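Trainee: First the structure, then my questions, so here it is.
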């Protein structure tokens with residue numbers, strides 16, 4: 001089945017056809033390193049991590065480029081506030097990015113360039129834009145002329161005459177048109193600067209991604225990704241300056257993930273709901289967070305609510321509990337999925353799973369298939385598997401391979417059940433999440449039998465362990481009282 005992706009540029013789902021058969025070049029806008037990453041950064045990074053995993057699982061040779069913006073107004077301001085050099089501050093937050101993303105199971109990109117490594121290439125692109133009449137010099141600044149690029153606005157679906165300066169676009173009397181954007185900023189006291197034909201200064205924000213993507217993937221490449229918030233003006237400007245300087249198509253497919261809200265509100269420090277990955281990981285297991293971020297279609301908005309995260313935590317516990325029970329029946333599994341048991345790509349379950357992922361990276365549907373397979377495994381185990389029944393044991397071993405293979409594509413189920421339960425429950429508290437789930441099930445039975453005393457007794461025992469229960473229409477979830 002061919003891969004289909006929603007292409008923002010055409011506003012429709014399209015069959016994905018790489019420029020070079022069997023090979024894919026993908027560029028994703030990375031973070032501006034002036035602060036810790038938040039849950040919105042986590043969603044974008046995890047989504048494109050899964051896209052790359054899926055493309056590789058399909059046998060494609062992927063070159064994945066994800067950049068760091070390490071010179072920017074915000075970085076300069078934060079460095080000045082803290083009395084640090086900008087490169088020192090940037091390195092601090094690059095290290096923090098890796099620490100957070102490693103915990104979320106995000107694979108490193110093949111190439112992870114920094115803007116400051118490509119200033120010479122940016123100067124060369126500006127020169128080409130000037131030569132082709134797409135840019136102009138005002139003093140020591142250089143601007144891109146949007147009126148000189150007839151296709152400006154087509155990516156984001158905007159018309160130039162209807163546009164107004166956005167939040168990242170300063171209204172500047174030096175500009176010929178309010179929507180013109182800076183390619184080169186003249187030097188200011190105390191800021192990083194590089195020599196150029198127009199005087200010392202530094203490149204504009206939009207320019208860096210055009211230069212780095214072109215450098216590593218060519219003037220035209222397959223997929224450009226990022227959060228929906230980058231569509232305008234950043235990606236619109238990237239596309240304009242790249243095509244203006246080099247011709248070609250720049251990116252053939254534009255893929256954007258949806259926004260993240262927190263408890264139904266836009267994330268904002270002023271609202272007190274700004275959630276860093278680091279803070280979220282203090283409350284939730286990394287795979288629980290990853291499962292949550294993949295639980296809705298990547299193009300849809302997703303609301304980070306405690307109730308929903310805990311509901312998914314309970315689901316992940318059930319999967320690991322099933323894997324733990326399987327260990328007792330068919331033995332522990334190696335780090336690598338068992339080989340030679342089933343041809344996974346010719347298997348009915350994997351065919352469905354791959355079909356979901358091929359259909360515009362439908363991780364929500366793919367995760368649903370995994371949960372259904374786990375329910376099927378539990379029904380078989382609940383019915384009893386005689387030790388001598390090699391056919392049943394072989395079937396369960398195949399099923400385990402199926403869900404672990406699916407987990408590998410999703411970046412989930414990467415731990416042994418013992419490792420997962422120890423991390424989730426907290427070794428220091430002596431909490432076994434599998435036992436908690438059993439107690440919750442026993443409480444549900446007691447409530448169904450209207451044995452309220454028994455139900456209250458179980459709740460009180462859990463409360464004594466520092467476990468808070470929350471009853472909802474989809475069942476009971478639990479969390480540590482921290």
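The values are calculated or read from the model by the stated rules, or taken from the named source; none is laboratory data. Keep in mind the model is a prediction, meaning the values are calculated, not measured. Every residue, glycine among them, receives a Cβ derived from its backbone with ideal geometry; neighbour counts consider all protein chains shown.
Trainee: Of the residues 277, 302, which single one is farther than 26 Å from residue 356 by Cα and touching a strand residue (DSSP E or B) at 6+ places or on another chain (Cβ under 9 Å)? Can you show your working first?
Mentor: Values: 302 fails: farther than 26 Å from residue 356 by Cα.
That would be 277, the only listed residue that is farther than 26 Å from residue 356 by Cα and touching a strand residue (DSSP E or B) at 6+ places or on another chain (Cβ under 9 Å).
Trainee: Which one of the conditions (1) in a helix (DSSP H, G or I); (2) touching a strand residue (DSSP E or B) at 6+ places or on another chain (Cβ under 6 Å) does residue 289 fail to meet, given that it meets all the rest?
Mentor: The failed condition is (2).
Trainee: Would a scan of the stretch 73-95 turn up a residue that is on the phi > 0 side of the Ramachandran plot and free of Cβ contacts under 8 Å to residues at least 24 places away in the same chain? Quick ask: steps written out before the conclusion?
Mentor: Initial filter on the stretch 73-95 (on the phi > 0 side of the Ramachandran plot): 83.
Retained after the next criterion (residues that are free of Cβ contacts under 8 Å to residues at least 24 places away in the same chain): 83.
Yes, the stretch 73-95 contains at least one residue that is on the phi > 0 side of the Ramachandran plot and free of Cβ contacts under 8 Å to residues at least 24 places away in the same chain.
Trainee: Suppose we filter 393, 408 for residues that are part of a helix (DSSP H, G or I), surrounded by fewer than 20 Cβ atoms within 10 Å (Cβ to Cβ), out of contact with any strand residue (DSSP E or B) (no Cβ under 6 Å at 6 or more places or on another chain) and modelled with pLDDT of 90 or more; which single one remains? Before the answer, list the steps.
Mentor: Details: 393 fails: modelled with pLDDT of 90 or more.
The unique qualifying residue is 408.
Trainee: Looking at (1) surrounded by fewer than 20 Cβ atoms within 10 Å (Cβ to Cβ); (2) touching a residue at least 60 places away in the same chain (Cβ under 8 Å), find the lone condition where residue 401 falls short.
Mentor: (1)
Trainee: Further question: Looking at the stretch 193-234 only, could you name the residues that are crowded, with 17+ Cβ neighbours inside 10 Å and part of a strand (DSSP E or B)?
Mentor: Scanning the stretch 193-234 gives 201, 202, 203, 221, 222, 223, 224, 225, 226, 227.
Trainee: Which residues, counting only those in the stretch 109-122, are free of Cβ contacts under 8 Å to residues at least 24 places away in the same chain and in contact with a strand residue (DSSP E or B) (Cβ under 9 Å, 6 or more places away or on another chain)? Don't jump to the end; show me each part of the working.
Mentor: Of the stretch 109-122, the ones free of Cβ contacts under 8 Å to residues at least 24 places away in the same chain are 117, 120.
Within the stretch 109-122, 120 is the sole residue that qualifies.
Trainee: Still on this structure: Which of the residues that make up the stretch 292-334 are closer than 21 Å to residue 41 by Cα and free of Cβ contacts under 8 Å to residues at least 24 places away in the same chain?
Mentor: Correct list: 292, 308.
Trainee: With the condition being crowded, with 21+ Cβ neighbours inside 10 Å and modelled with pLDDT of 95 or more, I'd like the strands (runs of 3 or more DSSP E) fully within the stretch 30-146 carrying at least 3 qualifying residues. Explain how you work it out, then say what you get.
Mentor: Values: elements: 61-66, 135-138, 141-144.
Ranges flagged: 61-66, 141-144.
Trainee: Follow-up question, since we're still on this one. Go through 261, 276 for me and flag whichever is assigned by TED's automatic domain parsing to the domain that holds residue 232 and out of contact with any helix residue (DSSP H, G or I) (no Cβ under 7 Å at 6 or more places or on another chain).
Mentor: Details: 276 fails: assigned by TED's automatic domain parsing to the domain that holds residue 232.
That would be 261, the only listed residue that is assigned by TED's automatic domain parsing to the domain that holds residue 232 and out of contact with any helix residue (DSSP H, G or I) (no Cβ under 7 Å at 6 or more places or on another chain).
Trainee: Scan the stretch 189-212 for residues that are out of contact with any helix residue (DSSP H, G or I) (no Cβ under 9 Å at 6 or more places or on another chain) and at pLDDT below 95 and jot them down.
Mentor: Selection gives 189 alone.
Trainee: How many of the residues in the stretch 322-350 are modelled with pLDDT under 75 and surrounded by 15 or more Cβ atoms within 10 Å (Cβ to Cβ)? Don't jump to the end; show me each part of the working.
Mentor: To start, the set of residues in the stretch 322-350 that are modelled with pLDDT under 75 comprises 333-346.
Checking which are surrounded by 15 or more Cβ atoms within 10 Å (Cβ to Cβ) leaves us with 333, 337-338, 341-342, 344.
Result for the stretch 322-350: 6.
Trainee: Which residue out of 403, 436, 440 is under 28 Å from residue 293 (Cα atoms), modelled with pLDDT under 85 and outside the structural domain of residue 43 (by TED's automatic domain parsing)?
Mentor: On the way: 403 fails: modelled with pLDDT under 85; 440 fails: modelled with pLDDT under 85.
Exactly one of 403, 436, 440 is under 28 Å from residue 293 (Cα atoms), modelled with pLDDT under 85 and outside the structural domain of residue 43 (by TED's automatic domain parsing), namely 436.
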